[in-house]
Amino acid sequence: MLGEAIEKATPSDRIMIVNAAGQTIFRGYAANTESAGIRKTRRVKRYGIGMETYKATEKMWDWTRIDALPPQVPVEQFGEYKVGELKHILYIRIELDNEFTEGREDGK
């Protein structure tokens, strides 16, 4: 369940929650997940670590805002940059199960 996964996180952990359609529905710190209004009883399909890579700037992306993401650098292009030119953001990635198939054995 989503609530159990969030309870295991440290309040300062970065979390991204993705719905069954692959849309990001929450992106921020674990301490702020309550404000997202997502039911804690939602089933988790996958739970793991995610990483995003950006060109280094003086001010990296602010996790309190989701409207101004800089473009990510695809892994295929890493060789085009020097090590100090890239910054990585690690986060806990939680993918939710389809809530419309919950409780059905055939998944339809």
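What are the residues in the range 9-31 that are open to solvent by 40 Å² or more (accessible area, probe 1.4 Å), under 26 Å from residue 100 (Cα atoms) and in contact with a strand residue (DSSP E or B) (Cβ under 9 Å, 6 or more places away or on another chain), if any?
Our first condition is that a residue be open to solvent by 40 Å² or more (accessible area, probe 1.4 Å); within the range 9-31, this holds for 10-14, 20-25, 29, 31.
With the extra rule that they be under 26 Å from residue 100 (Cα atoms), the set shrinks to 20-25.
Result: 20, 22, 24, 25.
Residues checked against (1) part of a loop (DSSP other than H, G, I, E, B); (2) modelled with pLDDT under 90; (3) out of contact with any Leu (no Cβ under 8 Å at 6 or more places or on another chain):
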{"residue": "4", "(1), (2), (3)": "no, no, yes"}
{"residue": "11", "(1), (2), (3)": "yes, no, yes"}
{"residue": "26", "(1), (2), (3)": "no, no, yes"}
{"residue": "48", "(1), (2), (3)": "no, no, yes"}
{"residue": "77", "(1), (2), (3)": "no, yes, yes"}
{"residue": "100", "(1), (2), (3)": "yes, yes, yes"}
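The values are calculated or read from the model by the stated rules, or taken from the named source; none is laboratory data. Because the structure is predicted, anything quoted here is derived from the model rather than measured. Don't worry about glycine lacking a Cβ; one is built from the backbone with ideal geometry, like all the others, and counts go over all protein chains shown. Side chains are part of the model used for accessible areas, which takes the heavy atoms of the whole protein and leaves out ligands, DNA and RNA. Shrake-Rupley method; radii C 1.70, N 1.55, O 1.52, S 1.80 Å.
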